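J.: I have a structure here, written as structure tokens, and I will follow up with some questions on it.
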Amino acid sequence: MNQNPVNEERSAEDPSLQTIPLVELFGRLSSSPEGLSPTEAARRLEKVGYNELQEREPSAFRKLLTFFWGPIPWMIEAAALLSALVGHWEDFGIIIVLLMVNAVVGFWEEYQAGNAIAALKQTLALKAKARRGGEWQSVPARELVPGDVIRLRLGDIVPADGRLIEGNPLEVDQSALTGESLPVSRGVGEAVYSGTVVRRGEGNALVYATGRETSFGKTARLVEEARTVSHFQRAVLKIGDYLIIVAIGLVLLIIAVALFRGDPIGETLQFALVLTVAAIPVAMPTILSVTMAVGARILAGRQAIVSRLAAIEELAGMDILCSDKTGTLTKNELTLGAPSCTEGIDPDAVILAAALASRREDADPIDLAILRKLPAGASLEGYRVLRFVPFDPVTKRTEATVSAPDGTTFTVTKGAPQVIVGLASPPPEVRARIDAAVEAFAARGFRSLGVARADKEGAWRMLGILPLFDPPRDDSRETLAAARRMGTRVKMVTGDQLAIAREIGRELGLGDRILDAALLTGADYREASRLADAIDKADGFAQVFPEHKFHIVEALQQQGHIVGMTGDGVNDAPALKKADAGIAVSGATDAARAAADIVLLTPGLSVIIDAVTESRRIFRRMNSYTIYRISETIRVLLFITLSILVFNFYPVTAVMIVLLALLNDGAILAIAVDRQEAAPEPQSWNMPVVLGVSTVLGIVGVVATFGLYYLAERLSGLGRDVIQSLIYLKLSVSGHLTIFAARARGPFWSNRPATALLAATVGTQLVATAIAVYGLFMAPIGWAWGGIVWAYALVWFVIEDRVKLGAYRIFDRRAPGLLEKVRR
């Protein structure tokens, strides 16, 4: 199907669509306030295409070609060219074949990872509420067509260009489109544009442009670039740069010595280039992307969708999680209790007024709880809502102007008690009774809702207080205890009264050191350091407005914490962006989901704990790979350099080096699915420990390899070509065994490897052994010497593992503040 063909019906370039009378616009689009029929919507979708922009993806062939272009492929290709120039056609063929294999493997792994991310993006696809056949339906935003009537509410990202046809004026954030810093007001008949965010109000709009014909061009992008570079990835890439610098330094030394000795320059350059390739972590970008994608797929299976892959690594170091209460710590199943009424007011009248200030179609939990409790015999039939002002997190109330069955007109409102009391300004004695009722409800863990009424143009009159109870989730207490055991402190963030927050905190075992967010007002924002200690020690925060969340996160980050923040509203977006790990909870608005790093599909805190656990496993996999890669580079480079400088002996050939690099890197890809236990504490990247342990493992490997060289040359009298084959097999086997030493902080047997990693290493080593034993591309050594090399490597592996334990004890003490301390 032709995607988004040019169509004069919906062209955003036709300015009249934004200005002509609504009646004429309905006519031009062949639509009505009842929307389109499902059949007509399907027909138009077939004609005009999906409401999205097609991304120009390079072809698979072009992606494959990128693996032959760049610094690393250039060096391998230069080595192949030098092999041809000096007439080493066997080496030339081997290098070309291995270059092809490396490109195909890298392409396939990244292709698979890209497919995984595309699937996750589909899971986060934007939804819209459209009227089809006279009924409101939730449909994918990409299936909207010109002529659709859509519902826009607070927090929605406008999914297509449209004209408002009914409802209250909206305040729309157009900063993504125009750069305006303040929201703009849009009333009936005015246009709203795709990608903008509804900051206040709600209403219906008629879609007149979709897809590439919109002014914005595309709905807000919900998923950031899959391979965003995180702090951890930058650290690993810096290690790669360090290895390249070391390699180039040693290679230049080898070339200088070769020139001084008069060695053939062509062969020396070929060897130097291949040696440099072996030192460069060719597989590092692929391993990073594959490991992240595997982790994201696991989390998706647990109902946590990752929109920024690097956030998985940030979760590994998260030591404070600021969690909202409703729906995360509690069930979000509100139950309405018996109201507390002001003098002369019937309880049923309070509930009826609150019901009139509610909307069933918005499916708001508070509204539904009130509507379910309408007294027997009471009905909303005959009442006609003339004007409705939806809930706004700033005003904290709803309001409706109503025409009663008897023809009278009045206004009702419901909202936060302190807001309604301030609106009605009751006498002091009435206010005292209301405050006492709110405190009594709060002491029982009930949330209070104030209700007031105004007749015609008269003053507001306080009717009473409605108690709402949202019980804690069954698993919340256990989940919070698990978070504490993992070293993650959870701080409750709620808009409820202080007494309610304290009661819930005591029930869940969070503690009752609840800070009133009213302290975080005005000038205190600029004096965050003054409150930093109180914020750090608090178990939670009550009476929180959305803007408070940002400053809570900021204060905790200034204290050196890695902070996670949950949120669901449009005004939570700044805090979600500010947090190291922003988490949009189940049922969050589109704006919150767009700002978050992780989107939860099910309610509760346990999903977040699962995400933290998995992120720490991923961190350990990456840590294991880094230690292995540094030690291998030191082992190979230092041994070869010393052999050339001291013994004037090239211990391996260029082909052997290429085989070592590609076989080892091919097997290490399996570390992305390795079995790892989650660390009991937040993880931090500690370079002294990693570099220290890696260096020790590398030096042990150099000593072991020189030991084999001494045995083979001095005691056995083998020819140098056979010794090269022995050294190749020793480096290959020892390198793979190092994976098992690097992946465990304790003895190598303390953490059983995944079957995939074990199979990959055994498979590649069987190949390496067969190559050396039968003399493929090198002198044959036979099975006897093959067995001796294996036995020698295994003995040194046990020694290496014990030395590693000592290295951890030494470097842990030299790295104060290390969070990851797993004592065996």
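J.: Beyond 21 Å, what percent of the Cα pairs of region 648-714 remain?
T.: Summing the P(r) tail past 21 Å for region 648-714 gives 54 percent.
J.: Residue separation times 0.36 nm, minus the C-alpha to C-alpha distance between Lys127 and Glu457: what's the value? Display every interim value, and only then the final one.
T.: Values: separation 330, 0.36 × 330 = 118.80 nm, distance 4.02 nm.
Stretched fully, the Lys127-Glu457 segment lengthens by 114.8 nm.
J.: Right, next: Show the residues, 5+ positions off or on another chain, whose built amide H is closer than 5 Å to the amide H of Asp580.
T.: Val563
J.: In nm, to one decimal, how far is the Met687 label point from the Arg477 one, both placed 7 Å along Cα→Cβ?
T.: The answer from the label model is 4.7 nm.
J.: Using θ = phi - 60° and the Karplus relation 6.51 cos²θ - 1.76 cosθ + 1.60, list the HN-Hα couplings for region 254-262 in order, rounded to whole Hz, with x at every Gly or Pro.
T.: Listing the rounded values in order: 5, 5, 4, 5, 4, 5, 5, 7, x Hz.
J.: Which length gain, in nm to one decimal place, applies between Glu46 and Ile265 when the Cα-Cα distance is subtracted from 0.36 nm times their residue separation?
T.: Details: separation 219, 0.36 × 219 = 78.84 nm, distance 6.63 nm.
Residue separation times 0.36 nm, minus the Cα-Cα distance, leaves 72.2 nm.
J.: Please work out the ratio of the alpha-carbon Rg of region 335-467 to 2.2 N^0.38 Å and round it to two decimals.
T.: Numbers: Rg = 13.8 Å, N = 133, 2.2 N^0.38 = 14.1 Å.
Taking the Cα Rg and dividing by 2.2 N^0.38 Å, one obtains 0.98.
J.: If you don't mind, there's one more thing I want to ask. What distance in nm separates the simple spin-label points at Ser403 and Trp749, each placed 7 Å from Cα in the Cβ direction?
T.: So the two model labels end up 8.6 nm from each other.
J.: I'd like the Karplus ³J(HN,Hα) series for region 422-429: coefficients 6.51, -1.76, 1.60, θ = phi - 60°, whole numbers in Hz, and an x wherever there's a Gly or Pro.
T.: Couplings: x, 6, 7, 6, x, x, x, 5 Hz.
J.: Taking 56 Å as R0, compute the FRET efficiency from the Cβ-Cβ separation of Ser586 and Val646 and round it to 0.05.
T.: Computed FRET efficiency for Ser586 and Val646 comes out at 0.30.
J.: Scan around Leu329 for amide H atoms under 5 Å from its own, H built in the peptide plane at 1.01 Å from N, and keep only partners 5 or more places away or cross-chain.
T.: For Leu329, no residues qualify.
J.: Please report Arg387, Arg142, Arg802 as a ranked list, fewest other C-beta atoms within 10 angstrom at the top and most at the bottom. Can you show the working numbers first?
T.: Working: Arg387 11, Arg142 20, Arg802 14.
The fewest-first ordering by Cβ neighbours comes to Arg387, Arg802, Arg142.
J.: Hey, with R₀ at 25 Å, roughly what FRET efficiency would Glu429 and Arg360 work out to, going by the Cβ-Cβ distance, to 0.05? Could you put the intermediate results ahead of the total?
T.: Details: r = 36 Å, r/R0 = 1.46.
That pair, Glu429 with Arg360, gives E of 0.10.
J.: Using 0.36 nm times the number of residues separating Lys537 and Leu715, minus their current alpha carbon distance, what extension gain do you get?
T.: Working: separation 178, 0.36 × 178 = 64.08 nm, distance 6.81 nm.
Once the chain is fully extended between Lys537 and Leu715, it gains 57.3 nm.
J.: What ratio of Cα Rg to 2.2 N^0.38 Å holds for region 734-779?
T.: 1.40
J.: From the convex hull of the Cα coordinates of region 430-521, what is the mean projected area in square nanometres? Can you show the working numbers first?
T.: Working: hull surface 32.2 nm².
Computing the convex hull of the Cα atoms and averaging its projections yields 8.1 nm².
J.: Would you please give the FRET efficiency between Val184 and Thr602, computed as 1/(1 + (r/R0)^6) with r the Cβ-Cβ distance and R0 = 35 Å, to the nearest 0.05?
T.: Details: r = 36 Å, r/R0 = 1.03.
Plugging the Cβ-Cβ distance into 1/(1 + (r/R0)^6) gives 0.45.
None of the figures in this text is laboratory data; all of them are computed from the coordinates on show. Here the structure is a predicted model, which is why all the values come from computation and not from measurement. For neighbour counting, all protein chains shown are included, and Cβ atoms are generated from backbone atoms with ideal geometry for every residue, glycine included.
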